[in-house]
Amino acid sequence: PGNFTKIQDAVNEACSGDTIYVYDDSAPYFEHVVVNKSITLIGEDKNSTEINGSFLDSMVDTISVVHDDVVIRGFSITHNQGYYYQAAVKITGNYTILSHCIIKRNEWIGIYVVDASFCRIEDCELYQNLVAIHLVGSRENVLQNCVCHDNADGITLFSKSHDNQLIDCICSENYFDNMLIQQ
């Protein structure tokens, strides 16, 4: 219960299983959010509920999902100024669902899934990122109905990223590779 001025404060006070509803009237939220418990984080409107990483240290991700069974839906996640492999959303927790988000204008990676399994990324639009979606050592994930355009690379799968499903994703007009599978 209660209202918070920062998303991270609400996450810190939440218990596993809670839902946090983020209003767009205080957006953009200039903060680094670490999701370290099984919660649902819902933005009011993906076009106007913005989490902006432009004021962050260049060594942190805008949203870091470090716990299993997390749901994030309905945000615009922008302007991470990351230096090397920083992301708008970095997922290391299994069974994460990221849906109905706009991930745009990030210096390095839009969505970075690292050593995570059974995650779902659905109905997201990613543009003007260095890499839209990057999977490393991640298995049995589903990317569905995502649109990746005007990035350097669209979807990349690296280093033992096996048994992932890409369903009805559109990758077009990316500068280098629309899809890259390596190692």
Quote the charge dipole size of region 12-107 about the Cα centre in Debye, to the nearest 20; the model charges only the Cβ of Lys and Arg (+1) and of Asp and Glu (-1). 300 debye
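Under the classification rounded if a/c is under 1.5, otherwise prolate if a/b is larger than b/c and oblate if not, where does region 93-181 fall, given a ≥ b ≥ c as square roots of the Cα gyration tensor eigenvalues?
Values: a/c = 1.61, a/b = 1.37, b/c = 1.18.
Cα axes put region 93-181 in the prolate bin.
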Mind ranking 101, 15 by accessible surface for me, highest first, 1.4 Å probe? 15, 101
Percent accessible area from carbon and sulfur atoms, the chain, protein chains only, probe 1.4 Å: 47 percent
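Could you give the dipole magnitude of region 89-141 about its Cα centre, charging the beta-carbon of Lys and Arg +1 and that of Asp and Glu -1, in debye to the nearest 20? If you can, show how the numbers build up before the last one.
Details: 5 positive and 6 negative charges, 21 e Å.
The dipole magnitude comes to about 100 debye.
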If I stretch the segment between residue 144 and residue 19 completely, what's the gain in nm (0.36 nm per residue apart, minus their alpha carbon distance), one decimal? 42.7 nm
If you look for lysine pairs in the chain that are eight or more places apart or on different chains, how many of them have Cα atoms under 22 Å apart? 9
For residue 66 and residue 168 in the same chain, what is the full-extension length gain: residue separation times 0.36 nm, less their Cα-Cα distance, in nm? 34.0 nm
Other-chain or far-sequence residues with amide H under 5 Å of residue 142's (modelled H): 119, 120, 121, 165
Could you give the size of the charge dipole of the chain about its Cα centre, using +1 on the Cβ of each K and R and -1 on the Cβ of each D and E, expressed in debye and rounded to the nearest 20? 300 debye
Global form of region 37-174, assessed from the alpha-carbon gyration tensor, a/c cut-off 1.5: rounded
Would you grab the residues whose amide H sits under 5 Å from the one on residue 72? Only those 5+ places off in sequence or on another chain, please, with H modelled 1.01 Å from N. 41, 97, 98, 99
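Averaged per residue, what accessible surface does the chain expose to a 1.4 Å probe, in Å²? Walk me through the intermediate numbers first.
Numbers: 8540 Å² over 183 residues.
Spelled out: the 1.4 Å probe surface of the chain, per residue, equals 47 Å².
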Using each residue's phi in region 22-31, evaluate 6.51 cos²θ - 1.76 cosθ + 1.60 at θ = phi - 60° and report the 3J(HN,Hα) Karplus result to the nearest Hz, with x for Gly and Pro. 10, 6, 8, 5, 9, 6, x, 8, 9, 7
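Given the DSSP H assignment, sum -39500 (n - 2.57) over each helix run of at least 4 residues in the chain and divide by its residue total; what's the result at 222 nm in deg cm²/dmol, nearest 500? Could the numbers behind the result be given before it?
Working: 1 runs with 7 residues, N = 183.
The helix-only estimate for the chain comes to -1000 deg cm²/dmol at 222 nm.
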Residues with amide H under 5 Å from that of residue 161, placed H, sequence gap 5 or more: 137, 138
Label-point separation in nm, residue 85 to residue 5, each point 7 Å along Cα→Cβ: 3.6 nm
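The values are calculated or read from the model by the stated rules, or taken from the named source; none is laboratory data. What you see is a predicted model; the values in this text were computed from it and never measured. Here the Cβ is made from the backbone with ideal geometry for all residues, glycine too, and neighbour counts use every protein chain on show. For the accessible areas, the whole protein counts, side chains as well, though only heavy atoms, and no ligand, DNA or RNA atoms are used. Shrake-Rupley method; radii C 1.70, N 1.55, O 1.52, S 1.80 Å.
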